[in-house]
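So the structure is just underneath, and the comments pick up after that.
Coordinate-derived values only; no laboratory data. Quantities reported herein were computed from a predicted structural model and do not represent experimental measurements. In this analysis, Cβ positions are derived from the backbone assuming ideal geometry, glycine residues included, and neighbour counts consider all displayed protein chains.
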Amino acid sequence: MFNIKRKNKNEETIYSPAIGKVIPISEVNDAMFADKLLGDGVGIILEDDLLCSPCDGIISMIAVTKHAIGITSTIGAEIIIHVGLDTVNLNGKGFEVLVKENQKVKVGDPILKVDRVFMESKNIDLTTPMIVTNCLSFNVSIVQDKKKITYKDELLTILK
């Protein structure tokens with residue numbers, strides 16, 4: 001489904017996990033993300049209910065409240081996909097996790113479904129930060145910025 005480009009073993013392409021619009025992380029309406037206190041990456045304004053793995057790797061964390069999933073990529077980048085803002089307060093309602101911790105995933109594997117109707121009924125902002133939390137160990141380059149994206153689109157390049 002995806003043509004994974006790898007120039008060398010220390011470089012990795014991170015793809016969009018969703019359909020939506022990508023925005024700079026600095027425009028996410030949450031200071032923890034916008035100020036890059038948790039890492040560097042992008043924000044995605046979701047337009048669909050499915051999130052897929054943005055890279056090959058292992059599911060390293062699933063929040064008890066199901067609103068965030070961590071993936072450790074094949075070169076060791078720790079990627080967090082945090083669905084929406086203030087979604088931790090939903091205590092898992094509106095989310096269906098499709099993977100398990102320590103599960104191997106490939107680019108494009110479904111990992112999470114979001115009940116968008118439920119989220120809209122609760123006035124939830126579905127801006128979804130995707131960040132590299134250990135970005136000090138990597139050079140993170142933003143490939144896409146301020147445009148519509150889908151699952152096959154490259155978002156980040158990570159260089160070890």
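Charge tally for Thr127 (other residues, Cβ to Cβ under 10 Å; Lys, Arg +1; Asp, Glu -1): -2. Near Val28: Cβ cut-off under 11 Å, other residues only, Lys/Arg at +1 and Asp/Glu at -1. The net charge is -3.
Counting only Cβ charges, +1 for Lys and Arg and -1 for Asp and Glu, the dipole size of the chain around its Cα centre is about 460 debye. Computing Rg/Rh (Cα atoms, Kirkwood Rh) for the structure here picks out one of (1) 0.93; (2) 1.03; (3) 0.97, namely (1). One decimal place: the segment Val117-Asn134 gains 2.8 nm when fully extended, by the rule 0.36 nm per residue minus the C-alpha distance. Pairs of Cα atoms nearer than 8 Å and 6+ residues apart set the relative contact order; for the range 1-108 it is 26 percent.
Quick check: net charge around Thr87, other residues with Cβ under 10 Å of its Cβ, Lys/Arg +1 and Asp/Glu -1? In short, +1.
For a straight C-alpha distance cut-off of 23 angstrom, the lysines reachable from Lys122 (same-chain residues fewer than eight places away being disregarded) are Lys21, Lys66, Lys93, Lys113. Per the Kirkwood formula applied to alpha carbons, the range 63-125 shows a radius of gyration over Rh ratio, Rg over Rh, of 0.99.
Coupling constants for the range 103-118 follow from the phi torsions by the Karplus curve (6.51 cos²θ - 1.76 cosθ + 1.60, θ = phi - 60°), and in residue order they are 6, 6, 10, 10, 3, x, 5, x, 10, 7, 10, 10, 7, 5, 4, 4 Hz; glycine and proline get x. Between Val143 and Val88, residue separation times 0.36 nm minus the direct Cα-Cα distance comes to 16.9 nm.
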